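The values are calculated or read from the model by the stated rules, or taken from the named source; none is laboratory data. Remember, it's a predicted structure, so these values are computed and weren't measured experimentally. Cβ placement follows ideal geometry from the backbone for every residue including glycine, while neighbour counts extend to all protein chains displayed. What goes into the accessible areas is simple: the full protein's heavy atoms, side chains included, and nothing from ligands, DNA or RNA. Shrake-Rupley method; radii C 1.70, N 1.55, O 1.52, S 1.80 Å.
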Amino acid sequence: MANDVPAWFAARIPHGWFVGPAEVTSDSEEILVLGTLPDVELASGTAPEGVAAARAARIDRFREETRDERVKIAREAERQFRRKVAWGARCGDETRVFTTLSVPVMTRLRMPERSILDTLVAGGVARSRSDALAWCVRLVGMHQADWIKGLRDAIVKVDEARSKGPLN
């Protein structure tokens with residue numbers, strides 16, 4: 001069913017919303033649909049802050065203009081896949097996710113791990129232990145991307161082997 005999700009959205013997202021196919025990712029709780037908008041055309045010499053503001057405005061306009069249709073598609077997808085749908089847009093190097101699911105995670109951290117999270121909060125890196133934990137996960141993801149990709153590839157191979165087994 002995981003392969004069905006991107007195809008399902010590709011068939012339902014109106015032509016012209018994005019400059020190419022939307023990037024659709026999912027896990028067991030949420031589906032994220034992230035599309036790329038045409039970049040802004042500005043006068044040469046526009047300050048980087050002006051470019052960033054124009055890109056953010058383009059994303060905001062897209063969000064407002066497509067809200068009703070996105071909600072309709074999301075509701076249909078939520079019935080189909082039994083997961084929440086989050087939407088986002090990218091314009092140049094500006095990316096915004098409009099809605100996203102924040103899933104509580106059961107953690108059994110010992111004092112040394114909690115101390116690390118508390119240090120991140122005290123240092124102003126995060127607002128709470130939950131934010132600090134999310135920061136740590138993003139940091140590991142950035143620095144261990146190749147290893148994590150290898151692990152995910154291995155999981156796919158295991159799933160393929162299971163599907164060929166005698167119980168299927």
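Near residue 85, the amide H atoms lying under 5 Å from its own belong to 31; only residues 5 or more places off or on other chains count, and H is placed 1.01 Å from N. Electrostatic tally near residue 73: other residues with Cβ closer than 12 Å to its Cβ, Lys and Arg +1, Asp and Glu -1, net +2. What residue among 128, 28, 102 has the largest mean-square fluctuation in a Gaussian network model of the chain, using Cα springs under 10 Å? Of 128, 28, 102, the most mobile in the Gaussian network model is 128. Excluding ligands, DNA and RNA, the accessible surface per residue across the chain is 72 Å² with a 1.4 Å probe.
Can you give the local net charge around residue 51? Use residues other than it whose beta-carbon is closer than 13 angstrom to its beta-carbon, Lys and Arg +1, Asp and Glu -1. Don't skip to the answer; put the middle values down first.
Numbers: positive: 55, 58; negative: 39, 41, 49, 93, 94.
Overall, the nearby charge balance is -3.
For the stretch 50-93, the square roots a ≥ b ≥ c of the C-alpha gyration tensor eigenvalues yield an a/c of 1.5 or more together with a/b exceeding b/c, which makes the shape prolate.
Between residue 139 and residue 42, the FRET efficiency from the beta-carbon distance, with R0 = 30 Å, is close to 0.35.
Ellipsoid semi-axes for the stretch 1-83, based on the Cα gyration tensor and the rule √(5λ), read 30, 12, 11 Å when sorted largest first. For the chain, the fraction of 1.4 Å probe accessible surface lying on carbon and sulfur atoms is 55 percent.
Phi angles across the stretch 127-135 convert, under the Karplus curve 6.51 cos²θ - 1.76 cosθ + 1.60 with θ = phi - 60°, into 3J(HN,Hα) values of 7, 8, 4, 4, 5, 5, 5, 4, 4 Hz, Gly and Pro given as x.
To the nearest 0.05, what FRET efficiency results for residue 71 and residue 122 with a Förster distance of 30 Å applied to their C-beta separation?
On the way: r = 40 Å, r/R0 = 1.34.
Efficiency for this residue pair is about 0.15.
Normalised by residue count, the stretch 16-60 yields a Cα convex hull volume of 97 Å³ per residue.
For residue 164, a cut-off of 24 angstrom between C-alpha atoms picks up these lysines, skipping any fewer than 8 places away in its own chain: 149.
The chain gives an Rg/Rh value of 1.03, both radii derived from C-alpha positions and Rh following Kirkwood. Here r is the Cβ-Cβ distance between residue 154 and residue 113 and R0 is 25 Å; the resulting FRET efficiency, rounded to 0.05, is 0.40. The sum of -39500 (n - 2.57) across all DSSP H runs of n ≥ 4, divided by the residue count of the chain, sets its helix-only mean residue ellipticity at 222 nm to -18000 deg cm²/dmol.
Computed packing ranks the peptides 33-39, 65-71, 15-21 as 33-39, 65-71, 15-21, most packed first, by mean other Cβ atoms within 10 Å. Within the full protein context, the accessible area of residue 142 is estimated at about 140 Å² for a probe radius of 1.4 Å.
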